[in-house]
Amino acid sequence: MDGDTRYSIGELARRTGLTVKAIRFYSDRGILPPCERTPAGHRRYGLEAVARLDLVRTLRDLGVDLPTISRVLDRRISLPEVAEALAEALAVQIRTLRLRRAVLTAVSRRGATDEEMNLMHKLAKLSEDERRRLIGEFLDAAFGGLDADPAFAGIRRSMTPELPDDPEGEQVQAWIELAELSQDPEFRARMRQVAEQHAADRARDGAPGVRPDAVAVVRAEVRPALAAGVDPDSPQADAVVAAILARYARLCGRPDDADLPRRLLARLEAASDPRRELYLRLLSVVNGWSQTESLGPVFDWCIRALRTRPGS
């Protein structure tokens, strides 16, 4: 009967595809105990040994260590428990590999020095609390003292990166670049300037709530002009500039006088800093948001139009 079938190590090796050496090793470790020995001391195994070895081989291929395999086979720990623990361990390894790949990719693309590579590695390894603290310092520099206003509190939240627990490589790389950018003193000063200009516009108007800012006003008026191919130096641009200034005057509660174009020009020159757009682009990658349209052409058109007209 099949239940009485006994296999030698050699026969078991032929049935399972494992080597005699491997089977003897598992047997010596107590993972595959023989069901009996011959008078000459040779080990013999039953049919269950084949299934047991198949399970051992599968678990070893999945990276499970021998002590854990022994506990599974002896029913001291369940297979689902092992699978859960192994999946968690693999998730950690995957995150680590993604981090390393992101750092190495950034180093390769940027031709980074040893010092820059060390910095990127440190930024990539920061814990969630450390990341929040680092970005919090940047946002404090930009909005500190202003974010009591709900509008600024909302802007601050919208500029906060949230790296997922299991980020993709491009998200890690974007985080590294964003974190480096946030530590740039000149960029911090520029963002503070933009925030203070926006605060001054709101203070003069005095109306509560979230409203379009100068950038939104300019974007709404300039996009159609760009689409129509209107040259910012041409007479056709005069009506566009007049509409922008009229809306901006209403927005910030100021008269549409000779000082208004200079004020708006200063706002746009600060907001058009390419580092600001880079921050927003990297932020979208980190947070998994869709990329927004570049405002570079809008800024360039309006700045040029204002500069070529009297009073600016």
Query - Residues satisfying the stated conditions in the range 25-74, i.e. of a type in the set (Gly, Ala, Ser), under 16 Å from ALA13 (Cα atoms) and in contact with a Lys or Arg (Cβ under 8 Å, 6 or more places away or on another chain) - result: SER27, GLY46
Report summary line: For the range 103-118, pairs from a residue that is open to solvent by 80 Å² or more (accessible area, probe 1.4 Å) to a residue that is acidic (Asp, Glu), with Cβ under 8 Å and 6 or more apart or across chains, are ARG110/GLU116
Query raised in the report: If VAL230 satisfies every condition in (1) in a loop (DSSP other than H, G, I, E, B); (2) of a type in the set (A, V, I, L, M, F, W, C); (3) in contact with a Pro (Cβ under 9 Å, 6 or more places away or on another chain); (4) within 19 Å of ILE155 (Cβ to Cβ) but one, which is the exception?
Result: (4)
Query - ILE77, sole failed condition from (1) closer than 23 Å to ALA13 by Cα; (2) surrounded by 15 or more Cβ atoms within 10 Å (Cβ to Cβ) - result: (1)
Report task. Please state which one of PRO185, PRO150, PRO167 is surrounded by 18 or more Cβ atoms within 10 Å (Cβ to Cβ) and not polar (S, T, N, Q). Result -> PRO167
Query raised in the report: What pairs can you find where one residue is in the range 245-262 and under 17 Å from PRO212 (Cβ atoms) and modelled with pLDDT under 90, the other is of a type in the set (Lys, Arg) and outside any helix (DSSP H, G or I), and their Cβ atoms are less than 8 Å apart, with a gap of 6+ or different chains?
Result: LEU251/ARG211
Query - So GLY63, is it within 30 Å of GLN171 (Cβ to Cβ) and open to solvent by less than 80 Å² (accessible area, probe 1.4 Å) - result: yes
Query raised in the report: Any idea how many residues of the range 250-292 are open to solvent by 10 Å² or more (accessible area, probe 1.4 Å) and more than 30 Å from ALA179 (Cα to Cα)?
Result: 12
Requested in this report: Name the one entry in SER8, SER70 that is touching a His at 6+ places or on another chain (Cβ under 8 Å), over 30 Å from GLU170 (Cα atoms), open to solvent by less than 50 Å² (accessible area, probe 1.4 Å) and touching a residue at least 24 places away in the same chain (Cβ under 8 Å).
Outcome: SER8
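The values are calculated or read from the model by the stated rules, or taken from the named source; none is laboratory data. Bear in mind the structure is a predicted one, so any value in this text is a computation, not a measurement. When we count neighbours, we look across all protein chains shown, and the Cβ atoms used for this are built from the backbone with ideal geometry, even at glycine. When the accessible area is computed, the model is the full protein with side chains, heavy atoms only, and any ligands, DNA or RNA have been set aside. Shrake-Rupley method; radii C 1.70, N 1.55, O 1.52, S 1.80 Å.
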